[in-house]
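The values are calculated or read from the model by the stated rules, or taken from the named source; none is laboratory data. None of the values given here were measured: they were computed from a predicted structure. Positions of Cβ are generated from backbone atoms using ideal geometry, with glycine treated the same way; all protein chains shown enter the neighbour counts.
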Amino acid sequence: MVLIAKWAMEYDPEARVLIITDRDELDKQIEGVMRNAGVVGENSPSPRITSRSDFVQKLGATTPRLLCALIHKFDASDLNGTPPAVHGRVYVFVDEWHRTHGGNMNKQMKRWLEKKCHFHRVHGHFPAAQG
């Protein structure tokens with residue numbers, strides 16, 4: 001996943017990478033791995049999304065190109081509302097797909113991103129972040 005994310009952002013000027021997890025500690029770990037691999041600069045802001053409004057704003061912006069969000073940011077209480085604007089070609093990596101492949105949050109994720117992304121399932125554990 002790290003190498004694909006790095007490659008996509010180097011060779012596709014429209015590429016954005018969205019990593020979806022279901023646990024805060026895993027989200028933090030992924031940020032560390034991405035920093036260690038050079039996908040996120042050492043002094044760059046965190047790619048982690050802190051709120052749903054932050055998520056909606058960043059999806060419509062041109063930066064950051066790497067986003068990390070918990071599945072819960074796809075609030076399912078608004079399944080009939082207008083999806084937010086999404087900028088770029090979004091590559092979505094969903095960790096622990098078995099936890100996030102169903103239900104209303106998954107429906108919302110697909111509804112928001114259906115025309116702008118490529119979904120990839122990630123299964124297994126991420127190596128511990130160094131540093």
Practice task
Scan segment 18-38 and give yes if some residue there is of a type in the set (Asp, Glu) and touching a Gly at 6+ places or on another chain (Cβ under 6 Å), otherwise no.
Solution key: no
Exercise for the section: Please identify the pairs in which a residue from segment 1-24 that is surrounded by 23 or more Cβ atoms within 10 Å (Cβ to Cβ) has its Cβ atom under 6 Å from the Cβ atom of a residue that is charged (D, E, K, R), counting only partners at least 6 apart or on another chain. Expected result: Arg16/Arg65; Thr21/Asp27; Thr21/Asp95
Practice task
For segment 14-29, state whether one or more residues are among the polar types (S, T, N, Q) and within 21 Å of Met109 (Cα to Cα).
Solution key: yes
Fill in the blank from the handout: Expected output for segment 106-122 (first residue more than 10 Å from Ile20 (Cβ to Cβ) and hydrophobic (A, V, I, L, M, F, W, C), partner in a helix (DSSP H, G or I) and modelled with pLDDT under 70, Cβ below 9 Å, 6+ apart or cross-chain) is none
